[in-house]
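Here is the structure we will look at.
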Amino acid sequence: MDIRAIIMGLAFALMWSSAFTSARIIVTNAPPLTVSAVRFLIAGIVTLAIAKFVGQSLRLTRSQWRLTILFGICQNALYLGLNFIAMQTIEASLAAIVASSLPLWVGLAGWLLWRERLAPIAVAGLFGGFAGVALIMGTRLGAGVDIYGLALCLIAVLALTFATLAVRGASAGGNLLTVVGMQMLVGSAALTLPALGETWEFNWSPTLVVAILYTIFVPGVIATIVWFQLVNRIGTVRAATFHFLNPFLGVAIAAALLGEALGWLDIIGVSIITLSILAVQLSKTKET
């Protein structure tokens with residue numbers, strides 16, 4: 001893994017983790033699905049304009065279309081849409097912790113569904129990671145966390161698991177920016193109908209405007225492009241290694257900007273998840 005890939009991975013982890021804090025600001029001041037549909041529409045148009053400007057074709061292969069639609073629905077409509085709804089009632093730090101378990105779910109899917117052979121350290125990482133998630137959920141449930149919001153986060157991370165498995169195939173035929181733009185438009189289209197059923201109430205403020213613009217262009221456009229480029233450069237398995245940074249970064253950013261409190265059991269759980277994700281991903285990297 002070269003220095004450019006490392007910088008890209010660190011940048012992606014920081015941008016991806018910060019999205020939960022900006023999303024929390026948005027959903028407490030605006031209808032979540034409406035904002036999501038609009039931001040995906042804007043981000044998709046901007047990305048396709050950039051793709052056209054740099055000379056990429058706006059045409060995709062049949063295989064790319066199939067996987068781009070799948071990715072757009074799983075990541076944007078389900079994962080991000082459900083997380084936005086969930087964060088109306090749960091803290092950004094908890095949503096970030098649940099979402100950060102993505103590499104564990106990907107590893108578990110490969111082990112159970114495709115019978116991939118895992119090294120003992122990877123198996124230990126899986127069990128340890130899910131134990132860390134269970135520890136944090138147990139403490140939050142005891143503190144009265146909204147179960148409905150937590151359930152939406154779990155469904156969302158499962159949807160992102162399938163999206164992650166589809167990423168490499170969607171971008172393998174070139175036209176990276178076109179793929180990114182199209183999957184955002186797919187997410188916008190999928191969320192438009194349910195967004196019509198929301199109550200359109202906005203508490204406008206400079207903070208809300210900044211949060212919306214930041215979410216559209218940083219985690220939305222830039223982080224997605226960086227992720228696709230990173231996957232193409234070093235592969236899905238090695239790229240996913242950087243997800244081990246997300247639990248700490250997500251919690252730290254939410255605590256710093258939103259003042260969300262963390263207990264000792266939360267810190268222990270985040271530490272266990274972080275080390276477990278690292279163990280799983282390093283084991284896969286060595287095998288690859």
Check: Of these, 37, 86, 43, 51, which one is touching a residue at least 12 places away in the same chain (Cβ under 8 Å), surrounded by fewer than 24 Cβ atoms within 10 Å (Cβ to Cβ) and small (Gly, Ala, Ser)?
Finding: 51
Note to self: Restricting to segment 190-215, name every residue that is exposed (fewer than 11 other Cβ atoms within 10 Å of the Cβ) and among the charged types (D, E, K, R).
What the structure shows: 201
Next item on the list: Return the only residue of 61, 89 being hydroxyl-bearing (Ser, Thr, Tyr) and out of contact with any helix residue (DSSP H, G or I) (no Cβ under 6 Å at 6 or more places or on another chain).
Entry: 61
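Can you name the residue in segment 16-50 that is of a type in the set (A, V, I, L, M) and more than 20 Å from residue 179 (Cα to Cα) and, of all such residues, is nearest to the chain's Cα centre (by Cα)?
Going through the qualifying residues, I end up with 19.
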Next item on the list: Taking only segment 226-251 into account, find how many residues are of a type in the set (Lys, Arg) and buried (at least 19 other Cβ atoms within 10 Å of the Cβ).
Entry: 1
Next item on the list: Answer yes or no: is there a residue in segment 266-288 that is touching a residue at least 60 places away in the same chain (Cβ under 8 Å), in contact with a helix residue (DSSP H, G or I) (Cβ under 9 Å, 6 or more places away or on another chain), farther than 13 Å from residue 97 by Cα and acidic (Asp, Glu).
Entry: yes
Check: Is it true that some residue in segment 55-74 is buried (at least 24 other Cβ atoms within 10 Å of the Cβ), more than 20 Å from residue 228 (Cα to Cα), in contact (Cβ under 8 Å) with a residue 40 or more places away in the chain and not β-branched (Val, Ile, Thr)?
Finding: no
Notebook entry, point to check: Cβ-Cβ below 7 Å, separation at least six or inter-chain, first residue in segment 199-224 and hydroxyl-bearing (Ser, Thr, Tyr), second in a helix (DSSP H, G or I): which pairs?
Noted result: 207/25; 214/22; 215/19; 215/22; 215/23; 215/26; 215/39; 224/180
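FYI, it's all coordinate maths here, none of it is from the lab. All values derive from a computational prediction rather than experimental measurement. Quick reminder, even Gly has a Cβ in these numbers, built from the backbone with ideal geometry, and neighbours come from all protein chains shown.
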